Amino acid sequence: MIKTKIEEALNQQLNLEFYSSYLYLSMSAYFDSKHLNGFANWAIQQSEEEKLHAMKIYGFLLERGGNVVLSSIQAPPARWDSPLNAFEDSFANEQRVTNTINNLVDLAVEEKDHATHIFMQWFVTEQVEEESMTFGIVERLKMISGSHDGNGLFLMDHELGQRKEAEL
Ligand code: FEO
């Protein structure tokens, strides 16, 4: 059976993944309101992916005979000053997720919970990609933020519009 400490930490992580899904959904609505449809598409796909992350933990908890305890999801911001500002928030959130995942791995080692330790490795790897992806977008938005013709933003919007459904 899964230990209470691990069960609680996994439920907290489940909540944070749902928060991440909310954050990207809110970003998608913001981009849509700015007619940045490619950015909106990217963010809604990411929101779906975050839900899949949450459901991965949900499934693992049940498989281990643990309890799924759903708690209130923090409200994300509803608007931002710019697309750059929105992606800075998402990058900060990804760093926060990486920290909580690392703490969960530490706890699994401490509690000698090998199954949770192995299960969390997928999330450790995934976070490398999530941080790199959001950081990359932040840096590119910084590069084009000085230009006044909007071409850079238009091209990025087109590119982000190509993102397909979330796959794990
Ligand atoms: Fe599931 Fe973007 O962390």
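The values are calculated or read from the model by the stated rules, or taken from the named source; none is laboratory data. Given the structure is predicted, the values throughout are model-derived calculations rather than measurements. Heads up, the Cβs are rebuilt from the backbone with ideal geometry, glycines too, and the neighbour counts pull from every protein chain shown. Only protein heavy atoms, including side chains, enter the accessible area calculation; ligands, DNA and RNA are left aside. Shrake-Rupley method; radii C 1.70, N 1.55, O 1.52, S 1.80 Å.
Tabulated values for the structure
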| read-out | value |
| --- | --- |
| Karplus (6.51, -1.76, 1.60) ³J(HN,Hα), θ = phi - 60°, over the stretch 152-160, in Hz, Gly and Pro reported as x | x, 5, 4, 5, 5, 4, 5, 5, 5 |
| Net +/- balance of residues flanking ASN103 in space, Cβ distance below 14 Å, scoring K and R +1, D and E -1 | -3 |
| Karplus-derived 3J(HN,Hα), 6.51/-1.76/1.60, for each residue of the stretch 109-118, Hz, glycine and proline x | 5, 4, 8, 6, 9, 5, 5, 5, 4, 5 |
| Segments 145-152, 4-11 sorted - mean Cβ within 10 Å per residue, highest first | 4-11, 145-152 |
| log10 of Debye I(q)/I(0), alpha-carbon scatterers only, for the chain at 0.09, 0.16, 0.18 Å⁻¹ | -0.34, -0.90, -1.07 |
| Mean residue ellipticity (222 nm) of the chain, computed from DSSP H runs ≥ 4 via -39,500 (n - 2.57), nearest 500 | -26500 deg cm²/dmol |
| Cross-link reach list, lysines versus LYS5, counting only Cα pairs under 17 Å and skipping chain neighbours closer than eight places | LYS112 |
| Whole-Hz ³J(HN,Hα) from phi, Karplus 6.51 cos²θ - 1.76 cosθ + 1.60, for the stretch 8-20, glycine and proline x | 5, 5, 5, 5, 5, 5, 4, 5, 5, 5, 5, 4, 4 |
| Accessible surface of the chain [probe 1.4 Å, protein heavy atoms]: carbon and sulfur percent | 54 |
| Cα-centre dipole for the stretch 4-160 with unit charges at Cβ (Lys and Arg positive, Asp and Glu negative), debye to 20 | 220 |
| Probe 1.4 Å, protein heavy atoms only - accessible area per residue of the stretch 4-160 in square angstrom | 52 |
| For the stretch 15-147: relative contact order, % (alpha-carbon pairs under 8 angstrom, 6 or more apart) | 26 |
| Among VAL138, SER28, LEU155 the positive-end extreme of the charge dipole of the chain (Cβ point charges) | SER28 |
| Burial ranking of peptide ranges 109-115, 120-126 (average Cβ count within 10 Å, highest at the top) | 120-126, 109-115 |
